[in-house]
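Below: the structure, in structure tokens.
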Amino acid sequence: MAEIMKVHGSVISTATQRVLACLNEKELEFEFIPVNMAVGEHKKDSFLAINPFGQVPAFEQGDLKLFESRAITQYIAHGYAEKGTTLIIPGKPMATLSVWMEVEAHQFDPVASKLNWELFFKPMFGIPTDNAAVEENEAKLTKVLDVYEARLAQSKYLGGDIFTLADLHHLPNISCAMKTQVKKLFDSRPHVSAWVADITSRPAWCKVVAMGK
Amino acid sequence: MATPVKVYGPPLSTAVSRVLATLLEKDVPFQIIPVDMSKGEHKKPDYLKIQPFGQVPAFQDESISLFESRSICRYVCEKYADKGNKGLYGTNPLEKASIDQWVEAEGQSFGPPSGALVFQLAFAPRMNIPQDQGAIKQNEEKLRKVLDIYERRLGESRFLAGDEFTFADLSHLPNGDYLVNATDKGHLFTSRENLGRWWNEISDRESWKKVVEMRKSS
């Protein structure tokens, strides 16, 4: 575990930010290696050797190479459990935490990513927004956030009583969504709104945001 | 003797079958609790208590109630680590991380396009839903690119995470099986040498063959 950790990625990539947030919460030293996606660096052989899907982020520690942000964060959170913020809950509660990590990955992320693509990234790249896609995905996100509102009425954080990976994994897409018209879906739900304010004000997350400025 | 765990939902469901295959690999006794989706049982208040998104599967093991198939499978592998296939989720953190990355890849890159094709080609006709040719074309294109990556990987390694069959491979069985056996897109697998070899090996596992049997008799 003594070898330096390297994160290959882009500061505006939500998946890269997910890993950076985790490393910051754990107060771990790491080397950030920017990948120039504008020139297709992520599709070159040297990068494909660490992430065959040609996506960011990719992670290295000694001989270990990992891809998929949520696999990387779990590796870090379990491997450095004693350091910094405890992002996992050992024992039985881990099962519930795991449920909400999957919820983020499969219920929240696909919908939030599409909305962020339409409302945040497309305008940035000068591509016209697809309003039908926005409407469709806002309707889906509404249903997801209704479930979140009920969950957060009974549990301080999604995975349990403490801030964990289940909450952290949401940060990049929530932060982005809060800069768009989608903000109203979060603001109009009191428990969701309080949870968003709480998790997005964490110093470890603010450091990630600052990197992108 | 411990109470069998409960799995809510039909074996025909890809996500339910992911859990069943895992339980069979781990030799964990289970009972299937039927959920009549044609009558909307999965959207009724009683069911929403155990799965708030109104989807299958849901799962109970004594006092623990879970949903999301991959987290159910992780729980089973963790709690019953010493039962059945002990290496299914790896035996150390490095192995586990390698498995996790392919489980995530399955969920994020393989699952969406393969799931869309399975829905359009295998399920929509049975449900009298008109097929969306645009979606079929788009998802086939996406899936081809993903399978090219798998082809390369499986040229370096017998299974996705290494030399042994793990949950990373198992996770692909549900969608893969429908693609190969219930649509005309099976060639996407069988025409790729390494992928074809891998597919034959993983779909031949006793646990998966039992799941296929369970589907036929349900």
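The values are calculated or read from the model by the stated rules, or taken from the named source; none is laboratory data. Nothing here was measured: the structure is a model prediction, and the numbers come from that model. Using ideal geometry, Cβ is built from the backbone for each residue, glycine included, and neighbour counts are taken over all protein chains shown. Ligands, DNA and RNA are excluded from the accessible area calculation, which covers all protein heavy atoms including side chains. Shrake-Rupley method; radii C 1.70, N 1.55, O 1.52, S 1.80 Å.
Within region A:101-130, the set of residues being away from every other protein chain (no Cβ under 14 Å), of a type outside the set (A, V, I, L, M, F, W, C) and in a helix (DSSP H, G or I) comprises A:ASN116, A:GLU118, A:LYS122, A:PRO123.
Among the residues of region B:38-80, the ones that are modelled with pLDDT of 95 or more, more than 30 Å from B:MET127 (Cβ to Cβ) and part of a loop (DSSP other than H, G, I, E, B) come to 1 in all. When residues of region B:9-35 are filtered for being free of Cβ contacts under 8 Å to residues at least 60 places away in the same chain, outside any loop (DSSP other than H, G, I, E, B) and crowded, with 22+ Cβ neighbours inside 10 Å, how many remain? Counting residues in region B:9-35 that are free of Cβ contacts under 8 Å to residues at least 60 places away in the same chain, outside any loop (DSSP other than H, G, I, E, B) and crowded, with 22+ Cβ neighbours inside 10 Å gives 3.
Of the residues making up region A:1-51, those that are open to solvent by 50 Å² or more (accessible area, probe 1.4 Å) and part of a helix (DSSP H, G or I) are A:MET37, A:ALA38, A:VAL39, A:GLU41, A:LYS43, A:ASP45, A:SER46.
Residues in region A:74-92 that are outside any loop (DSSP other than H, G, I, E, B) and either within 10 Å of chain B (Cβ to nearest Cβ) or closer than 18 Å to B:ARG153 by Cα (or both): 5 in all. With respect to being hydrophobic (A, V, I, L, M, F, W, C) and either away from every other protein chain (no Cβ under 12 Å) or free of Cβ contacts under 8 Å to residues at least 40 places away in the same chain (or both), A:ALA133 fits the description. All of B:ASN194, B:ASN200, B:ASN181 fail the test of being within 14 Å of chain A (Cβ to nearest Cβ) and either in a helix (DSSP H, G or I) or modelled with pLDDT of 95 or more (or both), apart from B:ASN194. Scan region A:143-173 for residues that are touching a helix residue (DSSP H, G or I) at 6+ places or on another chain (Cβ under 6 Å) and either outside any loop (DSSP other than H, G, I, E, B) or acidic (Asp, Glu) (or both) and the total you get is 13.
The residues listed here are B:ALA161, B:ALA168; of these, the one that is closer than 24 Å to B:ILE72 by Cβ, modelled with pLDDT of 95 or more, of a type in the set (A, V, I, L, M) and touching a strand residue (DSSP E or B) at 6+ places or on another chain (Cβ under 8 Å) is B:ALA168. Scanning region B:91-117 for residues that are open to solvent by 20 Å² or more (accessible area, probe 1.4 Å), facing chain A (nearest Cβ under 8 Å) and in contact (Cβ under 8 Å) with a residue 12 or more places away in the chain returns B:SER98, B:PRO112. Looking across A:VAL56, A:VAL7, A:VAL19, one residue alone is more than 13 Å from the chain's Cα centre (by Cα), within 22 Å of B:LEU94 (Cα to Cα) and touching a residue at least 12 places away in the same chain (Cβ under 8 Å). It is A:VAL7.
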